[in-house]
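Data first, discussion second: the structure below is written as structure tokens.
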Amino acid sequence: MNGEKRKNREQIFAHSGVRKILYGGDYNPEQWPEEVWKEDMRLFQLAGVDCVTLNVFSWAALQPDEETYCFDRLDRIMELVKENGLYVILATSTAAHPAWMARKYPEVLRMEFSGLKRKFGGRHNSCPNSPVYRKYAKRLARKLAERYGHFENLIAWHVNNEYGGECYCENCERAFRVWLKEKYRTLEQLNEAWNTSFWGHTFYDWEEVVVPNLQSEHFAENRTTFQGISLDYRRFCSDSLLRNYQDEQAAIREVTPNIPVTTNLMGFYKPLDYQKWAREMDFVSWDNYPANDTPAAVIAMNHDLMRGIGGGRPFALMEQTPSVTNWLSYNALKRPGVMRLLSWQAVAHGADTVLFFQMRRSIGACEKYHGALIDHVGNEHTRVFREMQALGEELKQIGGRTLGGRTPAKVAILMDWDNWWALEYSAGPSCDLKYLDEVERYYTAFYEQNIPVDFVSVEEELEKYAIVVAPVLYMVKTGYEEILKRYVRAGGTLVTTFFSGIVEEHDLVVAGGYPGRLRELFGVWVEEIDALPTGEQNGFTWNGKHYPAELLCDIMHLESAGGEAVYETDFYAGSPALAKNHFGKGIAWYVATRSSQEFYHDLIKRLARDAGVEELWSPVPQVEVCERQNEEGKFLFFLNHGREDAELTLEKAGIWIQKGKPYEKGAKIWLKGKDVMVYQVQ
């Protein structure tokens, strides 16, 4: 299978003949005596489990010393699950290196941001630029592919596990210099990009470049004296771990080119540029672990990001907890119905699997109180098991109807990791300015009005979207302003916010007045930026309603734009707070301050009306509505996140699939608290 076919596949596991949403998750039989395994198979069958992820943390067992490999136990596990009709996602075990490796080759151990050298322990403790680690990780991946690639029930490879963290050791320092040479070619270009004339930081030799941490440029984790250096190191760290993934992926593909390869991502995870990673993955998979009080909109936003980085294709929900998440401060149980609700929410936003961590609860170490299908009691007589059994039956009933379904979105939110990193490294204007806070405000406004959203990168064309929102577009990379101009000129609606257009890709300010390269497009000149401490507000009135102005207030002058609202107090009272610029056939909005969620709701409602973007369904409080479409038809998902029953008036005829019951347009139904309806539109 070539790379193009691999990336165009709509159904993730079509190559293996999978015809339903896969159900199951991480299974660690190596933690248990073999007499337990047979009982596990009985319980899996009872619960409707049809897929397990194996071998996630088994490197020490598979390779007890430098030259010895022992696969006997994994052989027995693989044969057992095959005999019991289970699909397998096989992991490479490389997220935790064996103790012998750390003892014999201490250079594999990471160095912390503080400069502290790690000892053996934990996981994600391997230097990504250690030649020793890379050698043995790639070798293990290849040996696994050679030994198990012929198993017909092997449907995917799972490389490593939840890649993350950074290293600041000598391996990384040397590799960083190589990375910089490839990027900048000459020291003159490096010094220019980093503006090293400031504070006399000019480099005369590549060996003078050191890693930026508490021993050099940083005075706190997110506070750096040279943003350009720290920004490049963030890019380098993400690329280093990605190269680890590519090492193992390449070894696997040499042996099993037709079996897709993935690794489990973690939603809006700041350290790694997932947009870049997703381009190297055969399909996106991720682990959903919201806190007990995470709003449903934020969970949905993470799902939509995972779908977005995968180009709109379905993704795999690789992990979630059946009940408790043990690393939270308070390990509250998922209340009855919540596990099912969150599972269907993932499917509604594009998941073609419902997988969990974990299948059986371990008896020791840090995750022994994390939720599982099989609890410490070891039988099926628990509330969690019964709920998962019921969900397993429901997924069998749904079958493959929704597989490969896409989400038709006419709205996009621009997400860029470089912008995220640079914005939060910025030496001002406010330590309270956080990129995701602003993204979430806009996303929530669309979510509340049942308007689907795609997340897009700066490398994607925008023409298919009626509305594009680019919150806090602090960094505008060279040439991207032309993509935005082309989009608006052709009739698109574009929104950006305060503190946008400030720098280019090296985090150097674009001189000539803010918002820099976006000045013509938005038709404004921002002269100053006022940072308001927590609790202080300005205000403005728009369409007859008063709204607060908080955090930052861009003090701007109108050029070609028209003013929609003005600040009400302070020395800049009367200055525009909201501007609208007609540009070609389209419109560019500049929102010069942060406001209330009510403002974003009202703004999005206005933009959607003007751009002809329709809601999927008339909003009902606490009820989320999503849509997926495939060759089977159009599917609407109604998810009641509230405790109380919700009344729905059916705006389209269709079938409530779980009940097998047809409804006419205009019919009224009650959706119980925490209940889900999958509705196939006729």
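A few notes on this one:
- Placing dummy labels 7 Å off each Cα toward the beta-carbon, the span from Arg606 to Tyr69 is 6.4 nm.
- The residues of the chain expose on average 39 square angstrom of accessible surface per residue, using a 1.4 Å probe on protein heavy atoms.
- Taking amide H as placed 1.01 Å from N in the peptide plane, Phe583 has its amide H under 5 Å from the amide H of Ala588, each at least 5 places away in sequence or on another chain.
- Hz values of 3J(HN,Hα) by residue in segment 111-119 - Karplus curve (6.51, -1.76, 1.60), Gly and Pro given as x: 10, 6, 4, 6, x, 6, 7, 6, 9
- Difference of contour (0.36 nm per residue) and Cα-Cα distance, Glu10 to Gln680: 239.3 nm
- Fraction of alpha-carbon pairs over 19 Å apart in segment 75-229 - percent: 65
- In range of the label at Glu170: residues from segment 196-214 whose backbone nitrogen is under 11 Å from the point 7 Å along Cα→Cβ: none
- Counting all C-alpha pairs of segment 240-360, share separated by more than 17 Å (%): 58
- Restricting the chymotrypsin sites (Phe, Trp or Tyr not before Pro) of segment 64-123 to loop positions (DSSP other than H, G, I, E, B) with no more than 14 neighbouring Cβ atoms within 10 Å leaves Tyr69.
- 3J(HN,Hα) from dihedral phi, segment 425-439, Karplus parametrisation 6.51/-1.76/1.60, rounded to Hz, x for glycine, proline: 8, 4, 7, x, x, 8, 6, 8, 7, 10, 4, 5, 4, 6, 4
- Rounded to whole numbers, the Karplus 3J(HN,Hα) couplings from phi for segment 122-138 are x, 9, 6, 10, 9, 5, x, 9, 6, x, 5, 4, 4, 4, 6, 5, 5 Hz, using 6.51 cos²θ - 1.76 cosθ + 1.60 with θ = phi - 60°, and x at Gly and Pro.
- Largest first, the three principal axis extents of the alpha carbons in segment 454-520 are 32, 20, 20 Å in whole numbers.
- Per DSSP, loop chymotrypsin sites (Phe, Trp or Tyr not before Pro) in segment 514-576 with at most 15 further Cβ within 10 Å: Phe571
- Percent carbon-and-sulfur accessible area, segment 8-149, ignoring ligands, DNA and RNA, probe 1.4 Å: 52
- Overall form of segment 157-300 per C-alpha gyration tensor (a/c, 1.5; a/b vs b/c): oblate
- Percent of Cα pairs in segment 541-682 per distance bin of 10 Å, from zero to the largest separation: 10, 29, 22, 18, 17, 4, 0.
- Residues whose placed amide H lies under 5 Å from that of Asp454, excluding near-sequence neighbours: Val411, Ala412, Ile413
- Interchain or long-range residues, amide H under 5 Å from Gln682's placed H: Ala653, Gly654, Ile655
- Inter-centroid distance (Cα atoms) of segment 589-661 relative to segment 11-31, Å: 31
- Solvent accessible area, Å² - Lys82, 1.4 Å probe, full protein context: 90
- Summary of the geometry: segment 475-506 and segment 32-53, compared by the centres of their Cα atoms, lie 53 Å apart.
The values are calculated or read from the model by the stated rules, or taken from the named source; none is laboratory data. As the structure is a computational prediction, the values presented were derived from the model and not from experiment. Reconstructed Cβ throughout: ideal geometry from the backbone, glycine too, with neighbour counts over all protein chains shown. Keep in mind that these areas ignore ligands, DNA and RNA; they rest on the heavy atoms of the full protein, side chains included. Shrake-Rupley method; radii C 1.70, N 1.55, O 1.52, S 1.80 Å.
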